[in-house]
Amino acid sequence: MKKVFFAVLMLMLVWACQDKKDNSEVVGTYGAEISEDGAISVNDMMAQLNGSDSVMVKVKGEITATCSMKGCWMNLVLPNGEDMRVTFKDYGFFVPKEGMEGNVALIEGVVTKTITDVETLKHYAADAGKPEEEILAITEAKEELAFVANGVIIYKGEQETASE
């Protein structure tokens, strides 16, 4: 009887210590099929970009906005509080247009340091439904990170991001 009790206790311990990612509610998957294997945090992505203009990564981060017109882009928050624009490879897939803010996205693709011109910044602001006065106030290009994802998984609500 002690052996059975010990075996049950060990199984319960192993189950309790397992990573709970499997219990995450997936809102949807988009583009190429990807997995969480090898995912890094946004902080680790930023470290990898030091000394490089672009890197291929798989990263998890919080969604702050999506394109309200088509779902053709989304923003993830960076450690400094700014947003990183995520677009989708070859304009080949889209994410939901609303209700994704605060959810977590796992994205795989290439992140690049870039300068976004005024016209494109105004276009993104219009897609996001910003007021006309805010759009007209955009007068300078912006140095930022751009991510082109080949695959996306969106999880419901806040999740633990990889490697934090």
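All of the numbers you see were taken from the coordinates with simple rules; none came from a lab. Just so we're clear, the structure is a prediction, and the values are computed from it rather than from any experiment. Cβ atoms come from the backbone with ideal geometry, glycine included; neighbour counts cover every protein chain shown.
When only Cα pairs below 8 angstrom with a gap of at least 6 residues are kept, the range 21-155 shows a relative contact order of 33 percent. Note on Leu145, Leu106: ascending count of other Cβ atoms within 10 Å places them as Leu145, Leu106, the fewest first.
In this Cβ point-charge picture (+1 for Lys and Arg, -1 for Asp and Glu), the range 21-155 has a dipole of about 200 debye about its Cα centre. Placing unit charges on the Cβ atoms of the charged side chains and taking the dipole of the range 21-155 about its Cα centre, the candidate lying farthest along the positive direction among Met100, Gly31, Thr112 is Gly31. Sorted fewest first by neighbouring Cβ atoms within 10 angstrom, Met74, Met45 come out as Met45, Met74. By the count of other C-beta atoms within 10 Å, a proxy for reagent exposure, Phe147, Phe94 are ordered fewest to most as Phe94, Phe147.
Between Ile40 and Lys58, Val59, Lys60, the built amide H atoms are under 5 Å apart, and every one of these is 5 or more places off in sequence or on another chain.
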